[in-house]
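Trainee: Let me begin by handing over the structure; questions about it come next.
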Amino acid sequence: MSDDPTQVQDFFAARAADWDTRFSDDGPAYQAAVAELGLRPGSRLLDAGCGTGRALPALRSAVGPSGVVLGADLTPAMLEAARQAGRDRDGQLLRADVAQLPLLSGSLDAVFGAGLISHLPDPADNLRELRRVVRPGGLLALFHPIGRAALAARQGRQITPDDLRAEANLGSLLAGSGWRMTSYVDEDARFLALALRED
């Protein structure tokens, strides 16, 4: 898929209405990924590229009523689908581009990005922007409810050596953007890479 923001927005706008129906069995994978983050009650976090907000209920449950949960997405139709599903009760929805977030520097404890990395127009720069809004020692979680091989098969393509989410490629990209990868899992049933913000 293109990483051009307009094309990405058009792609997701056309699919927003039935997105949750098409991927209705992903809920347990989201819950399991959020559980692995070790979030504490009262934590402040962002679901970057939140789409229809499928992660917001699990994120809200993890940080409790005293925590702050934000869901940002570039596509209005995705945010509207999140509202229609009632997920705006679990987090504040923002129309925002991860290239320039309307958030204070160091204001968050964590960023969660489901299916995000492959849609970033400038991954290194965009990861630096995510780093900017996270406090030193804060967490970045890059997640997908299925692994790279399963996703490639679903899309009718092959994994190539330059795949951004390959462990070596992603580790290097994160390091160059001010993050240190601490965990990497790529299985058929999930993809989850965790990184800490370096000072």
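The values are calculated or read from the model by the stated rules, or taken from the named source; none is laboratory data. Computed from a predicted structure; not experimentally measured. Because the Cβ atoms are built from the backbone with ideal geometry, glycine has one as well, and the counts that use them run over all protein chains shown. Ligands, DNA and RNA are excluded from the accessible area calculation, which covers all protein heavy atoms including side chains. Shrake-Rupley method; radii C 1.70, N 1.55, O 1.52, S 1.80 Å.
Trainee: Answer with yes or no whether S118 is hydroxyl-bearing (S, T, Y), under 27 Å from S43 (Cβ atoms) and not in a loop (DSSP other than H, G, I, E, B).
Mentor: Yes; evaluated as a whole, the condition is true for this residue.
Trainee: Related question: Checking V68 against (1) without any contact (Cβ under 8 Å) to a residue 60 or more places away in the chain; (2) closer than 19 Å to S183 by Cα: exactly one of these is not met. Which one?
Mentor: With respect to (1) without any contact (Cβ under 8 Å) to a residue 60 or more places away in the chain; (2) closer than 19 Å to S183 by Cα, V68 is out only on (2).
Trainee: Tell me which residues, restricted to region 74-113, are touching a residue at least 40 places away in the same chain (Cβ under 8 Å), open to solvent by 10 Å² or more (accessible area, probe 1.4 Å) and in contact with a Gly (Cβ under 7 Å, 6 or more places away or on another chain).
Mentor: A85, L93, V98, D109 - these are the residues of region 74-113 that are touching a residue at least 40 places away in the same chain (Cβ under 8 Å), open to solvent by 10 Å² or more (accessible area, probe 1.4 Å) and in contact with a Gly (Cβ under 7 Å, 6 or more places away or on another chain).
Trainee: Look through A175, A195, A141 and report the one residue that is of a type in the set (G, A, S) and either at pLDDT below 95 or more than 17 Å from the chain's Cα centre (by Cα) (or both). Reasoning before the result, please.
Mentor: Details: A195 fails: either at pLDDT below 95 or more than 17 Å from the chain's Cα centre (by Cα) (or both); A141 fails: either at pLDDT below 95 or more than 17 Å from the chain's Cα centre (by Cα) (or both).
On inspection, the qualifying residue turns out to be A175.
Trainee: Out of (1) modelled with pLDDT under 95; (2) within 21 Å of V133 (Cα to Cα), the odd one out for P76 is which?
Mentor: Among (1) modelled with pLDDT under 95; (2) within 21 Å of V133 (Cα to Cα), P76 violates only (2).
Trainee: Within the bounds of region 143-160, is there any residue that is touching a residue at least 24 places away in the same chain (Cβ under 8 Å) and among the β-branched types (V, I, T)?
Mentor: So far as region 143-160 goes, yes, one or more of its residues are touching a residue at least 24 places away in the same chain (Cβ under 8 Å) and among the β-branched types (V, I, T).
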